[in-house]
Amino acid sequence: MTTKRLTTCALLTAIALTIFVAEAQIPLPFPMPGMKLGLANVVTVYAMFALGPRDTFLILLSRILLGSLFAGGSTLFYSLAGGLCCYLSMVLLRRFLSPKQLWVCGAVGAIFHNLGQMGAAILIARTPQLIYYLPVLLALGIPAGGFTGLAAQLLKERL
(Lines give C-alpha, C1' and ligand atoms only; values in the text may rest on other atoms or scores of the structure.)
Protein backbone atom coordinates (compact mmCIF):
# COMPACT_ATOMS: atom_id res chain seq x y z
CA MET A 1 0.00 0.00 0.00
CA THR A 2 1.43 3.38 -0.99
CA THR A 3 1.70 6.25 1.45
CA LYS A 4 -0.95 8.21 -0.43
CA ARG A 5 -3.41 5.30 -0.35
CA LEU A 6 -2.75 4.65 3.33
CA THR A 7 -3.29 8.32 4.12
CA THR A 8 -6.53 8.35 2.12
CA CYS A 9 -7.81 5.27 3.98
CA ALA A 10 -6.85 6.80 7.33
CA LEU A 11 -8.63 10.06 6.48
CA LEU A 12 -11.76 8.28 5.30
CA THR A 13 -11.76 6.14 8.46
CA ALA A 14 -11.45 9.25 10.62
CA ILE A 15 -14.27 10.97 8.72
CA ALA A 16 -16.54 7.91 8.97
CA LEU A 17 -15.80 7.55 12.69
CA THR A 18 -16.47 11.24 13.31
CA ILE A 19 -19.79 11.02 11.46
CA PHE A 20 -20.69 7.84 13.40
CA VAL A 21 -20.00 9.46 16.78
CA ALA A 22 -21.74 12.73 15.82
CA GLU A 23 -24.80 10.90 14.50
CA ALA A 24 -25.16 9.06 17.79
CA GLN A 25 -25.70 12.46 19.44
CA ILE A 26 -28.54 13.50 17.11
CA PRO A 27 -31.99 12.58 18.41
CA LEU A 28 -34.31 11.18 15.76
CA PRO A 29 -37.77 12.76 15.39
CA PHE A 30 -39.33 9.34 16.02
CA PRO A 31 -37.28 7.15 18.34
CA MET A 32 -37.20 3.59 17.03
CA PRO A 33 -34.98 0.89 18.55
CA GLY A 34 -32.06 0.18 16.24
CA MET A 35 -32.87 3.02 13.84
CA LYS A 36 -30.19 5.43 12.65
CA LEU A 37 -29.69 7.33 9.44
CA GLY A 38 -26.38 5.56 8.83
CA LEU A 39 -24.59 8.64 7.57
CA ALA A 40 -21.15 7.05 8.07
CA ASN A 41 -22.15 4.71 5.24
CA VAL A 42 -21.61 7.63 2.84
CA VAL A 43 -17.90 7.02 3.32
CA THR A 44 -18.29 3.26 2.80
CA VAL A 45 -20.20 3.65 -0.48
CA TYR A 46 -17.78 6.31 -1.70
CA ALA A 47 -14.74 4.19 -0.81
CA MET A 48 -16.17 1.10 -2.52
CA PHE A 49 -16.39 2.93 -5.84
CA ALA A 50 -13.35 5.20 -5.46
CA LEU A 51 -10.82 2.85 -3.83
CA GLY A 52 -12.15 -0.68 -4.24
CA PRO A 53 -13.25 -3.56 -2.01
CA ARG A 54 -9.98 -4.19 -0.14
CA ASP A 55 -9.49 -0.64 1.11
CA THR A 56 -13.20 -0.29 1.82
CA PHE A 57 -13.12 -3.41 3.98
CA LEU A 58 -10.26 -1.98 6.04
CA ILE A 59 -12.03 1.37 6.44
CA LEU A 60 -15.31 -0.30 7.42
CA LEU A 61 -13.73 -2.71 9.87
CA SER A 62 -11.69 0.07 11.49
CA ARG A 63 -14.77 2.26 11.86
CA ILE A 64 -16.83 -0.56 13.36
CA LEU A 65 -14.14 -1.55 15.86
CA LEU A 66 -13.29 2.00 16.91
CA GLY A 67 -16.94 3.04 16.91
CA SER A 68 -17.86 0.18 19.22
CA LEU A 69 -15.14 1.32 21.61
CA PHE A 70 -16.64 4.81 21.70
CA ALA A 71 -20.28 3.72 21.76
CA GLY A 72 -19.88 0.72 24.04
CA GLY A 73 -19.11 -2.91 23.30
CA SER A 74 -22.75 -3.98 22.94
CA THR A 75 -22.93 -2.44 19.47
CA LEU A 76 -20.00 -4.44 18.10
CA PHE A 77 -21.85 -7.61 17.05
CA TYR A 78 -24.79 -5.73 15.54
CA SER A 79 -22.53 -3.31 13.65
CA LEU A 80 -20.25 -6.09 12.48
CA ALA A 81 -23.11 -8.28 11.24
CA GLY A 82 -24.85 -5.40 9.49
CA GLY A 83 -21.65 -3.88 8.13
CA LEU A 84 -20.34 -7.14 6.68
CA CYS A 85 -23.66 -7.98 5.01
CA CYS A 86 -23.83 -4.47 3.59
CA TYR A 87 -20.20 -4.70 2.42
CA LEU A 88 -20.76 -8.01 0.63
CA SER A 89 -23.81 -6.64 -1.18
CA MET A 90 -21.78 -3.61 -2.30
CA VAL A 91 -18.95 -5.81 -3.59
CA LEU A 92 -21.48 -7.59 -5.83
CA LEU A 93 -23.26 -4.40 -6.89
CA ARG A 94 -19.98 -2.67 -7.75
CA ARG A 95 -19.67 -4.95 -10.78
CA PHE A 96 -23.04 -3.92 -12.20
CA LEU A 97 -23.59 -0.28 -11.21
CA SER A 98 -22.25 2.81 -12.88
CA PRO A 99 -21.00 5.84 -10.90
CA LYS A 100 -24.42 7.42 -11.56
CA GLN A 101 -26.16 4.63 -9.62
CA LEU A 102 -24.46 4.81 -6.24
CA TRP A 103 -27.82 5.71 -4.68
CA VAL A 104 -28.97 2.18 -5.56
CA CYS A 105 -25.93 0.76 -3.79
CA GLY A 106 -26.84 2.77 -0.67
CA ALA A 107 -30.44 1.53 -0.66
CA VAL A 108 -29.52 -2.12 -1.27
CA GLY A 109 -26.72 -1.83 1.29
CA ALA A 110 -29.27 -0.62 3.84
CA ILE A 111 -31.45 -3.67 3.17
CA PHE A 112 -28.56 -6.04 3.77
CA HIS A 113 -27.38 -4.05 6.78
CA ASN A 114 -30.83 -4.43 8.34
CA LEU A 115 -30.88 -8.15 7.50
CA GLY A 116 -27.48 -8.64 9.13
CA GLN A 117 -28.43 -6.73 12.25
CA MET A 118 -31.72 -8.59 12.52
CA GLY A 119 -29.90 -11.90 12.22
CA ALA A 120 -27.50 -10.85 14.97
CA ALA A 121 -30.37 -9.69 17.19
CA ILE A 122 -32.24 -12.96 16.75
CA LEU A 123 -29.11 -14.97 17.56
CA ILE A 124 -28.14 -12.85 20.57
CA ALA A 125 -31.64 -12.52 22.04
CA ARG A 126 -32.69 -16.01 20.95
CA THR A 127 -36.01 -14.52 19.98
CA PRO A 128 -37.08 -15.38 16.43
CA GLN A 129 -40.15 -13.15 16.82
CA LEU A 130 -37.88 -10.12 16.33
CA ILE A 131 -38.24 -10.80 12.61
CA TYR A 132 -41.64 -9.08 12.79
CA TYR A 133 -39.78 -5.80 13.34
CA LEU A 134 -37.84 -6.18 10.07
CA PRO A 135 -40.49 -4.56 7.80
CA VAL A 136 -40.40 -1.43 9.99
CA LEU A 137 -36.60 -1.28 9.81
CA LEU A 138 -36.67 -1.80 6.04
CA ALA A 139 -39.36 0.83 5.48
CA LEU A 140 -37.23 3.38 7.31
CA GLY A 141 -33.82 2.07 6.24
CA ILE A 142 -34.28 1.94 2.47
CA PRO A 143 -34.93 5.70 2.05
CA ALA A 144 -32.09 6.49 4.47
CA GLY A 145 -29.79 4.18 2.49
CA GLY A 146 -30.86 5.80 -0.76
CA PHE A 147 -29.99 9.18 0.74
CA THR A 148 -26.53 8.04 1.88
CA GLY A 149 -25.91 6.48 -1.53
CA LEU A 150 -26.95 9.71 -3.24
CA ALA A 151 -24.64 11.69 -0.96
CA ALA A 152 -21.78 9.30 -1.85
CA GLN A 153 -22.63 9.67 -5.55
CA LEU A 154 -22.48 13.45 -5.33
CA LEU A 155 -19.20 13.22 -3.38
CA LYS A 156 -17.70 10.90 -6.01
CA GLU A 157 -18.72 13.29 -8.79
CA ARG A 158 -17.07 16.22 -7.02
CA LEU A 159 -13.78 14.54 -6.03
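The values are calculated or read from the model by the stated rules, or taken from the named source; none is laboratory data. Computed from a predicted model, the values in this text were never measured in an experiment. Here the Cβ is made from the backbone with ideal geometry for all residues, glycine too, and neighbour counts use every protein chain on show. Each accessible area value is taken on the protein alone, full model and side chains, heavy atoms only, with ligands, DNA and RNA left out. Shrake-Rupley method; radii C 1.70, N 1.55, O 1.52, S 1.80 Å.
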May I ask you to list pairs of residues, at least six apart or on different chains, whose Cβ atoms are under 9 Å apart, with the first in region 79-106 being open to solvent by less than 30 Å² (accessible area, probe 1.4 Å) and the second being among the basic types (K, R)?
S79/R63; G83/R63; L102/K156; C105/R94
Within region 66-90, can you find the residues that are under 18 Å from A47 (Cβ atoms) and under 13 Å from the mean Cα position of the chain (by Cα)?
G67, S79, L80, G82, G83, L84, C85, C86, Y87, L88, S89, M90
Scanning region 123-137 residue by residue, those within 14 Å of P33 (Cα to Cα) and surrounded by 13 or more Cβ atoms within 10 Å (Cβ to Cβ) turn out to be L130, Y133, L134, V136, L137
Quick check: is even one residue across region 138-151 farther than 22 Å from P33 by Cβ and among the aliphatic types (A, V, I, L, M)?
yes
Restricting to region 1-59, and then to whatever is outside any loop (DSSP other than H, G, I, E, B) and among the polar types (S, T, N, Q), can you tell me which residue is farthest from L150 (Cα to Cα)?
T3
Give the residue, chosen from L123, L115, L137, L150, that is assigned to a helix (DSSP H, G or I) and modelled with pLDDT under 95.
L137
Could you tell me which residue of region 36-77 is surrounded by the most Cβ atoms within 10 Å (Cβ to Cβ), considering only residues that are under 22 Å from A121 (Cβ atoms) and in contact with an Asp or Glu (Cβ under 9 Å, 6 or more places away or on another chain)?
A40
Residue in region 27-34 that is out of contact with any Lys or Arg (no Cβ under 7 Å at 6 or more places or on another chain), open to solvent by 80 Å² or more (accessible area, probe 1.4 Å) and among the aromatic types (F, W, Y) present:
yes
